[in-house]
């Protein structure tokens, strides 16, 4: 990591952004006195230099020895500053392109290029206006990200009643709680997590399903939370699958044997909590002779950067005659890529993975997050013909230690 080209590139990009955004700072402060300008400029560059200096030192600071809360907060503030400046730079780029076109048009069609003088009726130049807008947007994004720290344990219960024509009569009214993406390696407030689990139990579900990413990387991350999550119970049981983070693919191991041992420990964690981990397999529930099947597969993604450990054909085998099937598959891209084309009798698929990017807008009539440009199905319920997919927004968090607009989710689904 210390010689990572990505890290060097990131620091270089931040430096370029600092100089670029500084042009807006100079523009909006042009009417200020010399003393005020000095204070503004010194403050700006002090924050920028400290941020760059910290980024350069980050690989050497061994933050793993400090609390998870401190690590994640520092990382979030640094990245918040980066994205705030990046957003501001977009507006500045628009103004620079406008002025470039204006200059070129002046050279081609006029003897003198048009300047930045105010036009009749204007009280502020376009450049000054866009500079103010760029700084306001950047500051707004940074403030929003900081405020979002308080939402990371703001668990929201999403309740749905989903009708299925092929659901056996004995299972109508079945209540399922879905949890996903706990990411225990990021959790830093045990009492708040306990509140979330109490909410789950208060719903009195018949069945609890967890759709992957119990940890960030290592099985040991669950040690402080075993006595919280082992409280989960339901009459039909608690079932779980693995997500992409559960395999330890994103850390460097001393050997493949060490990595395999970590995965075996994580499997044991599921069992020690009383959860039944489904590894490309299924279970059949029987009520009064009526049957439904629950299939659980390992991570399978249509995105190249995520693994395809899942074997749908293995989990499916033996369920052909069962009229109603529920599939747990961590990555929602699996739905369009394999489930719908090849397994049209899977009535309901439950996924997670996207977290709704932990950032977006959700209103009764409008839903948006940047993650939708990567995942067509990224949060909530989706339907195609007789098949349905539900994508949980995630119980935990990773990277950014907060939520903006997309809250952590506990899903209660009633089959009718």
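The values are calculated or read from the model by the stated rules, or taken from the named source; none is laboratory data. Bear in mind that the values here come from a model prediction, so they are computed numbers and not experimental data. Reconstructed Cβ throughout: ideal geometry from the backbone, glycine too, with neighbour counts over all protein chains shown.
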Let me confirm something: among 370, 341, 364, which residue is more than 19 Å from residue 165 (Cβ to Cβ) and either at pLDDT 95 or above or buried (at least 24 other Cβ atoms within 10 Å of the Cβ) (or both)? 341
So how many residues does region 344-361 have that are surrounded by fewer than 16 Cβ atoms within 10 Å (Cβ to Cβ) and over 30 Å from residue 144 (Cβ atoms)? 2
Does any residue in region 3-19 that is assigned to a helix (DSSP H, G or I) come within less than 8 Å, Cβ to Cβ, of a residue that is surrounded by fewer than 10 Cβ atoms within 10 Å (Cβ to Cβ) and at pLDDT below 70 six or more places away or on a different chain, and which pairs are these? 7/1
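From the list 31, 69, 80, 115, which residue is at pLDDT below 75, in the same structural domain as residue 15 (by TED's automatic domain parsing) and not in a helix (DSSP H, G or I)? Break it down stepwise before answering.
On the way: 31 fails: at pLDDT below 75; 69 fails: not in a helix (DSSP H, G or I); 80 fails: not in a helix (DSSP H, G or I).
Criteria check complete, one pass: 115.
Restricting to region 403-416, give me the number of residues that are modelled with pLDDT under 95 and either surrounded by fewer than 23 Cβ atoms within 10 Å (Cβ to Cβ) or over 22 Å from residue 210 (Cα atoms) (or both).
Within region 403-416, the first condition is being modelled with pLDDT under 95, and the residues that meet it are 403-405.
Now drop any that are not either surrounded by fewer than 23 Cβ atoms within 10 Å (Cβ to Cβ) or over 22 Å from residue 210 (Cα atoms) (or both), which leaves 404-405.
Looking only at that region, the number is 2.
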Go through region 235-256 and report how many residues are out of contact with any helix residue (DSSP H, G or I) (no Cβ under 9 Å at 6 or more places or on another chain) and closer than 23 Å to residue 308 by Cβ. 7
Can you give me the number of residues within region 362-392 that are within 23 Å of residue 305 (Cβ to Cβ) and without any contact (Cβ under 8 Å) to a residue 60 or more places away in the chain? 13
Give region 222-246 a look and list any residue that's within 22 Å of residue 302 (Cα to Cα), in a loop (DSSP other than H, G, I, E, B) and touching a strand residue (DSSP E or B) at 6+ places or on another chain (Cβ under 8 Å), or say none. 241, 242
Unique residue being more than 24 Å from the chain's Cα centre (by Cα), surrounded by 15 or more Cβ atoms within 10 Å (Cβ to Cβ), modelled with pLDDT of 95 or more and closer than 26 Å to residue 218 by Cα when the list is 268, 311, 291: 311
